[in-house]
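Before any comments, here is the structure.
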Amino acid sequence: MINIIVNPTSRSGRGEKIWNKVESMFRNSKKEYCVYFTKYEGHAKQIAAQLTKDPAPNDYETTIVVVGGDGTINEVINGIAFERNVTLGYIPTGSGNDFARGLKYSEKCFEYLKKRVDHILNPSEYEWLDYGVVLNGGSQVTNRRFAVSCGLGLDADVCYDMIDSKAKRFFNYFGMTKISYLLIGIYHLIHFTPVDGVLEVDNGKQYSMNKICFVSFHIHPFEGGFKFAPNANHSDGLIDVCMIYGRGRLGLIPVLLSSITGHHIRKRGTRIIQCREARLKVKTPCRVHADGEMFGLQDDISVRCISKRIRLIR
């Protein structure tokens with residue numbers, strides 16, 4: 001049985017349009033499949049949890065195909081019980097599609113999407129992917145998994161505004177989502193208040209930072225289409241941490257612009273390190289996101305990499 005979770009509202013309705021185009025391939029394959037359409041925020045997580053909640057024989061494999069964007073992928077990996085033998089397939093239909101970029105998938109050509117469906121229907125190659133977990137350090141500990149990245153500071157501010165952004169919907173319609181990220185980023189760059197903090201990584205080394213713009217933790221290189229962690233590898237068991245700090249607002253502009261192509265790593269005020277686990281403490285609570293989804297205001301977070309736990313159809 002192939003279980004397909006479709007987010008029909010991804011990229012302003014693109015998810016439903018793509019599904020309508022490729023559904024015939026599943027129907028004509030004669031393979032058994034079941035489609036679940038998400039109806040509200042968090043629904044994909046509930047569906048994935050329901051599909052994997054019951055114990056199963058060791059040789060039983062649950063296949064879940066995600067038709068959506070980064071937010072849908074995030075919900076699915078947060079719902080999956082990884083104790084089960086689960087295989088994922090992915091058809092990208094989102095606006096940011098950072099997960100797809102990291103895997104070198106293309107969502108722009110329908111012929112390519114047909115190849116993706118064919119690979120899912122006739123799988124011959126698989127890849128094991130890492131995912132990350134972010135935990136808060138408060139009295140009531142909560143956590144969230146992420147497939148692509150999580151971050152604290154300016155990048156989270158942008159992600160929060162993008163969730164209900166009219167600009168995002170407008171530029172999505174014309175296939176120019178990165179412009180909406182840039183416009184909202186410029187607004188927050190003008191208005192944000194930097195904070196000081198300390199990052200401690202798994203070898204005990206500490207990095208003290210003043211005037212933090214943001215700190216992001218990456219499994220994949222891209223976030224919002226920006227290449228903040230150009231060397232991140234989704235199956236190396238490591239998190240790439242991008243720290244941007246110590247510069248005034250005007251000085252941050254060339255850093256952020258150069259991050260579109262990943263050349264910000266040469267700029268003063270940028271540091272990128274690799275680790276398996278990290279803890280970040282800041283003096284003032286800041287917004288935190290996981291794959292663009294809200295994780296609240298936090299002043300103490302821990303992040304770790306779960307190595308090669310997601311089995312994906314290539």
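The values are calculated or read from the model by the stated rules, or taken from the named source; none is laboratory data. Small disclaimer: the values here were computed from a predicted structure and weren't measured. We place every Cβ from the backbone using ideal geometry, glycine too, and count neighbours over all the protein chains shown. Side chains included, ligands, DNA and RNA excluded: accessible areas come from the protein's heavy atoms. Shrake-Rupley method; radii C 1.70, N 1.55, O 1.52, S 1.80 Å.
Can you pull out the residues in the range 242-284 that are assigned to a helix (DSSP H, G or I) and small (Gly, Ala, Ser)? Once the filter is applied, which keeps residues that are assigned to a helix (DSSP H, G or I) and small (Gly, Ala, Ser), the range 242-284 yields Gly251, Ser258. Annotation: of all residues in the range 68-84 being over 15 Å from Phe37 (Cα atoms) and either of a type in the set (Lys, Arg) or in contact (Cβ under 8 Å) with a residue 40 or more places away in the chain (or both), the one that is surrounded by the most Cβ atoms within 10 Å (Cβ to Cβ) is Asp70. Touching a His at 6+ places or on another chain (Cβ under 8 Å) and open to solvent by 40 Å² or more (accessible area, probe 1.4 Å): does that describe Arg314? Criteria met by Arg314. Say we look at the range 69-95 and pick out the residues that are among the hydrophobic types (A, V, I, L, M, F, W, C) and not in a helix (DSSP H, G or I); which of these is nearest to Arg309 (Cα to Cα)? Filtering the range 69-95 for residues that are among the hydrophobic types (A, V, I, L, M, F, W, C) and not in a helix (DSSP H, G or I), the one nearest to Arg309 (Cα to Cα) comes out as Phe82. Residue under question is Pro8, and the condition is that it be touching an Asp or Glu at 6+ places or on another chain (Cβ under 7 Å), open to solvent by 10 Å² or more (accessible area, probe 1.4 Å) and modelled with pLDDT under 95; does it hold? For Pro8, the condition - touching an Asp or Glu at 6+ places or on another chain (Cβ under 7 Å), open to solvent by 10 Å² or more (accessible area, probe 1.4 Å) and modelled with pLDDT under 95 - is met. Of the helices (runs of 4 or more DSSP H) lying entirely inside the range 125-192, those carrying at least 1 residues that are touching a His at 6+ places or on another chain (Cβ under 8 Å) and at pLDDT 90 or above are 154-163. Can you tell me which condition Trp19 does not meet? The list is (1) at pLDDT below 90; (2) closer than 18 Å to His119 by Cβ, and all the others hold. Status for Trp19: all satisfied but (1). Taking the conditions (1) within 21 Å of Tyr207 (Cβ to Cβ); (2) open to solvent by 30 Å² or more (accessible area, probe 1.4 Å) in turn, Ile244 satisfies each one other than (2). Pairs are defined by a Cβ separation below 6 Å, a sequence spacing of at least 6 or placement on different chains, a first member in the range 216-227 that is free of Cβ contacts under 8 Å to residues at least 40 places away in the same chain, and a second member that is open to solvent by less than 10 Å² (accessible area, probe 1.4 Å) and in a loop (DSSP other than H, G, I, E, B); the pairs so defined are Lys227/Gly262.
Table: residues versus (1) among the hydrophobic types (A, V, I, L, M, F, W, C); (2) touching a Ser or Thr at 6+ places or on another chain (Cβ under 6 Å); (3) within 15 Å of Val133 (Cβ to Cβ); (4) at pLDDT below 95.
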residue	(1), (2), (3), (4)
Ser235	no, no, no, no
Met243	yes, no, no, no
Gly248	no, no, no, yes
Lys281	no, no, no, no
Val288	yes, no, yes, no
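Looking across the range 225-241, the residues that are within 18 Å of His188 (Cβ to Cβ) and either in a strand (DSSP E or B) or open to solvent by less than 10 Å² (accessible area, probe 1.4 Å) (or both) come down to Gly225, Phe226. The residues of the range 122-160 that are open to solvent by 10 Å² or more (accessible area, probe 1.4 Å), touching a helix residue (DSSP H, G or I) at 6+ places or on another chain (Cβ under 9 Å) and under 30 Å from Ser29 (Cβ atoms), listed by number, are Glu125, Tyr131.
State the number of residues belonging to the range 1-46 that are among the β-branched types (Val, Ile, Thr) and part of a helix (DSSP H, G or I). Residues that pass the stated criteria total 2.
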